[in-house]
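The values are calculated or read from the model by the stated rules, or taken from the named source; none is laboratory data. Since we're looking at a predicted model, the values are computed, not measured. Quick reminder, even Gly has a Cβ in these numbers, built from the backbone with ideal geometry, and neighbours come from all protein chains shown. Please note that ligands, DNA and RNA were not included when accessible areas were found on the heavy atoms of the full protein model with its side chains. Shrake-Rupley method; radii C 1.70, N 1.55, O 1.52, S 1.80 Å.
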Amino acid sequence: MATPRGASADSKTAVLEMRDAKKAFGGVQALNGAELILYPGEIHALLGENGAGKSTLLKSLAGVHKIDSGSITLNGQAFEQGSTRAARDQGIAVIYQEPSLFPDLTLAENVFVGRQPIKGKTVDWATMEREARELFTQLGVTLDPQIRARGLSIADQQIVEIAKALSIKASVIVMDEPTAALSSKEVDRLFKVARNLEAQNCAVVFVSHRLDEVFALCSRITIMRDGATVGSALAKDLDEAKVIKLMVGREISELFPKLPAKIGDVVLKVEGLGLDGQFADISFEVRAGEILGLAGLVGSGRSEVVRAVFGVDKYDRGSVTLKGKQYKPGNPAVMMAAGMALVPEDRRQQGLFMPQSIEKNSAVTMLKRLSRALIIRAKSEGKLAAEWGKTLQLKYADVKDPVERLSGGNQQKVVLAKWLSTNPDLLIVDEPTRGIDVGTKSEVHKLLSQKAQDGMAIIMVSSELPEVMGMADRILVMREGRLVGEFDRKQATAEKIIAVATGASSK
């Protein structure tokens, strides 16, 4: 029987205890006194800024890393470290943000991969499919164990991974940023699944930057900063302000530091833009010093529009005019040279060369300016990266380190550095703070506000209404590939924007 949410831990025995864990990578101390205590029948949030040590802690539990000092016990026994297989066999399962199923295997095969039930000398398909179906039912979802995983939504892939965890009788299930790519309905379903796990006496670790989700779902919260655990308490004894202060070590009085800016001449004019099957009849202007917010539900066409404006996708109809000159569609190199920059939605796939160094990623848009006789000057690359690293308060050991070693928030800063170094007249930022912590969000917002104050025109695409409302001078709302509403900063309310975005109101 599950312990009631919010109950005292005094009546329970911890299923996992990590004490005074330390782990260093070269000169970087990733863990420096980290502690985590998990109880059965609880959903436990693990919070912290990007770079706080959460990923290293989770990878230590998953068997990817072995801590340098400290202790980990699981079910009262010393935890065997440094082996992902051993971690799984001991009862720890990690559900990553992007699941890694075998696309050409069925859901049942994915659940029992490497552990298929055998009848005689062959796989017992009937038993495997029946048990997979029972696991899905146990989680409260309806999935056909006979279908292949290819084409499955991220949400359904996560369910399959959770079913796999249940099949190995995992006592600790870690969900690492599970809601980042999910719709609101999918998030609701995942919450129901998590509560089912809680009711089955599992210890569930929930990692998220979305504090509203944390307080809606979790009974206990542990907070990390600079590799150490700085607080752990029942969720009912905390609030968002206390959590944020513990995460960043300071008060954040204003998450959206909007600075006054003089609105100047038109920098970008878009007229009648259309791309078959994506969007139609898109017209708007952006002025110097203005932050234009682009809001709407996922799938409304926001990213497709800004990609077309920048030239990544070739539009069928309409025109794009930058600083009074009209440009042909489908040529991002020309738009870059003309003074436009795009920070894409997916920083890992579209914004960075993950195995390459911080300095090379920072300088990739400036190669002509940094080269002499077609030879790139390494010193110039390093100097540029160091300058932007200081400006953006980038946390790194060496500018020659691969960017994949950085936390998500610091990776986003490198993408921003790459494009801001071109000093564009128009900066487009698509989901600029997705997946990064509140402290880094505040820094990114401050930087964008400063650039607008300096006269840069900015288009901000965001799924977070508080971000759009807090930073934009005007807000355009899209629905099903069309612009359906416009609000100035003083008019905008969450209710009005949601009503227009969902079609509940035409006002």
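Tell me the residue from ILE244, ILE221 that is outside any loop (DSSP other than H, G, I, E, B), in contact with a Leu (Cβ under 8 Å, 6 or more places away or on another chain) and open to solvent by less than 10 Å² (accessible area, probe 1.4 Å), please.
Details: ILE244 fails: open to solvent by less than 10 Å² (accessible area, probe 1.4 Å).
That would be ILE221, the only listed residue that is outside any loop (DSSP other than H, G, I, E, B), in contact with a Leu (Cβ under 8 Å, 6 or more places away or on another chain) and open to solvent by less than 10 Å² (accessible area, probe 1.4 Å).
Return the pair list, or none, for Cβ contacts closer than 6 Å from residues in the range 62-85 that are among the charged types (D, E, K, R) to residues that are open to solvent by 50 Å² or more (accessible area, probe 1.4 Å), at least 6 apart or on different chains.
ASP68/LYS22
With the condition kept exactly as written, say whether any residue in the range 434-441 is buried (at least 18 other Cβ atoms within 10 Å of the Cβ), touching a strand residue (DSSP E or B) at 6+ places or on another chain (Cβ under 8 Å) and closer than 26 Å to LYS262 by Cα.
First pass over the range 434-441, keeping only residues buried (at least 18 other Cβ atoms within 10 Å of the Cβ): 434-441.
Keeping just the survivors that are touching a strand residue (DSSP E or B) at 6+ places or on another chain (Cβ under 8 Å) gives 437.
Those still in the list that are closer than 26 Å to LYS262 by Cα too: none.
For the range 434-441, residues buried (at least 18 other Cβ atoms within 10 Å of the Cβ), touching a strand residue (DSSP E or B) at 6+ places or on another chain (Cβ under 8 Å) and closer than 26 Å to LYS262 by Cα: absent.
I'd like to check something: does the range 115-128 contain any residue that is open to solvent by less than 20 Å² (accessible area, probe 1.4 Å) and of a type outside the set (S, T, N, Q)? Steps first, answer last, please.
Residues of the range 115-128 that are open to solvent by less than 20 Å² (accessible area, probe 1.4 Å), as a first pass: 128.
When the remaining residues are screened for being of a type outside the set (S, T, N, Q), the result is 128.
Looking through the range 115-128, at least one residue is open to solvent by less than 20 Å² (accessible area, probe 1.4 Å) and of a type outside the set (S, T, N, Q).
Considering only residues that are over 18 Å from the mean Cα position of the chain (by Cα) and crowded, with 23+ Cβ neighbours inside 10 Å, which ones fall in the range 202-216? Let's see the steps before the verdict.
Within the range 202-216, the subset over 18 Å from the mean Cα position of the chain (by Cα) is 202-204, 215-216.
Within the range 202-216, CYS202, ALA203, VAL204 qualify.
I'm trying to understand the selection: among the residues of the range 129-179, which are open to solvent by 20 Å² or more (accessible area, probe 1.4 Å) and touching a residue at least 60 places away in the same chain (Cβ under 8 Å)?
GLN138, GLU161, LYS164, ILE168, LYS169, SER171, ASP176, GLU177
Take the range 61-85 and flag every residue that is over 23 Å from SER219 (Cα atoms) and open to solvent by less than 10 Å² (accessible area, probe 1.4 Å).
Pass one, the range 61-85, residues over 23 Å from SER219 (Cα atoms): 63-71, 77-85.
Correct list: GLY63 only.
Among the residues of the range 308-335, how many are open to solvent by 30 Å² or more (accessible area, probe 1.4 Å) and either touching a residue at least 60 places away in the same chain (Cβ under 8 Å) or more than 18 Å from VAL286 (Cα to Cα) (or both)?
As a first pass, look at the range 308-335 and keep what is open to solvent by 30 Å² or more (accessible area, probe 1.4 Å): 312-314, 316-318, 323-334.
If we keep only those that are either touching a residue at least 60 places away in the same chain (Cβ under 8 Å) or more than 18 Å from VAL286 (Cα to Cα) (or both) as well, we get 312-314, 316-317, 323, 328-334.
The total comes to 13.
Based on this model, can you work out whether GLY481 counts as open to solvent by less than 10 Å² (accessible area, probe 1.4 Å) and farther than 26 Å from SER283 by Cα?
Here the answer is no, as GLY481 does not meet what is asked.
Scan the range 193-201 and tell me whether some residue there is part of a strand (DSSP E or B), open to solvent by 10 Å² or more (accessible area, probe 1.4 Å) and not hydroxyl-bearing (Ser, Thr, Tyr).
At the first step, the residues of the range 193-201 found to be part of a strand (DSSP E or B) are none.
No, the conditions are met nowhere in the range 193-201.
Which residue, of VAL267, VAL248, VAL343, VAL312, is among the aliphatic types (A, V, I, L, M) and modelled with pLDDT of 95 or more?
Numbers: VAL248 fails: modelled with pLDDT of 95 or more; VAL343 fails: modelled with pLDDT of 95 or more; VAL312 fails: modelled with pLDDT of 95 or more.
Step by step, each of VAL267, VAL248, VAL343, VAL312 is checked, and only VAL267 is among the aliphatic types (A, V, I, L, M) and modelled with pLDDT of 95 or more.
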